[in-house]
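Asker: What follows is a structure written as structure tokens; I'll ask about it next.
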Amino acid sequence: MSDWARGVAGGILLLANFVAILALAASPYFGFLTAFIISGALTYLVILIHELGHAGAVWWLRGRVLILAVGPLAARFHPFSLGGTPELAQDDRELGGFVVSTFDGAETTRKDIIVAIAGPLANLASAALIGVAVLALTPGHVPAADPTLIAVEQSVPSNAPYQVALPTDADVQRALRAERAREIKGLWTPLVSALLLLSGAAGIANLIPFRGSDGDHIRRALRDMGEVRRYRRRRDAG
């Protein structure tokens, strides 16, 4: 089950990266190599959002974040009392990042579930916000610049028997703004679309229960909570 689930999660992430690279490469502003590099940078940003979701949940629950790592970079917020960085399973290291935290008091299992959910939720929420921003900020139609507005006064003969209506300064500025809007739209639309795709895919893939994933942490925590409840019921009945 774990191997099958890991394969599904890996397939989702690979497909998302592949589609993101194609979307970026299809833009006239990026070549394939540039699209590949940008996709890698966006993936790193997605991992950062994911781990910040975990860390934010820990802080919200009044826990302590000891280490926050994203790829090769790690931030230590408190000295780790057991000495050195804790040994992590190879499966955990392959996820691209991790958060080491600790809680004082009871109900740590419930808090662990909240922290585990917070990472994928941060990815899915950021993807939703990006989607809303794309719909809200992207104009339905950006008019193309009128080529007739590029006419210059010198092109009109002084002895012309007819009157030629030259564009006003306002017409030229409007045409330039329209062309600039088209360029900005063509540049940022593939970027935010790729980020939306990668962040959404990361959130979904991490909820799949394979060893080392947030979905697996949630599944095991729910199983432990169920065992505790059954033990208490048996104890109370006895």
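The values are calculated or read from the model by the stated rules, or taken from the named source; none is laboratory data. Quantities reported herein were computed from a predicted structural model and do not represent experimental measurements. Note: ideal-geometry Cβ built from the backbone for every residue, glycine included; neighbour counts use all protein chains shown. Areas reflect the complete protein model, heavy atoms only, side chains present, ligands, DNA and RNA absent. Shrake-Rupley method; radii C 1.70, N 1.55, O 1.52, S 1.80 Å.
Asker: Can you give me the number of residues within the stretch 210-229 that are touching a Gly at 6+ places or on another chain (Cβ under 9 Å) and closer than 10 Å to residue 116 by Cα?
Answerer: Total satisfying the criteria: 1.
Asker: Looking at the structure I just gave you, is residue 42 modelled with pLDDT of 80 or more, under 20 Å from residue 198 (Cα atoms), of a type outside the set (Val, Ile, Thr) and open to solvent by 70 Å² or more (accessible area, probe 1.4 Å)?
Answerer: no
Asker: Next question. Just to confirm my filter: which helices (runs of 4 or more DSSP H) fall fully inside the stretch 90-207 and include at least 2 residues that are modelled with pLDDT of 90 or more?
Answerer: The qualifying helices (runs of 4 or more DSSP H) are 108-137, 169-207.
Asker: Which of the following residues is assigned to a loop (DSSP other than H, G, I, E, B) and surrounded by fewer than 18 Cβ atoms within 10 Å (Cβ to Cβ): 233, 211, 229, 220?
Answerer: Details: 233 fails: assigned to a loop (DSSP other than H, G, I, E, B); 229 fails: assigned to a loop (DSSP other than H, G, I, E, B); 220 fails: assigned to a loop (DSSP other than H, G, I, E, B).
Result of the check over 233, 211, 229, 220: 211.
Asker: So for the stretch 47-56 (the condition being modelled with pLDDT under 90, open to solvent by less than 80 Å² (accessible area, probe 1.4 Å) and not in a loop (DSSP other than H, G, I, E, B)), does at least one residue qualify?
Answerer: Checked against the condition, which is being modelled with pLDDT under 90, open to solvent by less than 80 Å² (accessible area, probe 1.4 Å) and not in a loop (DSSP other than H, G, I, E, B), the stretch 47-56 yields no hits at all.
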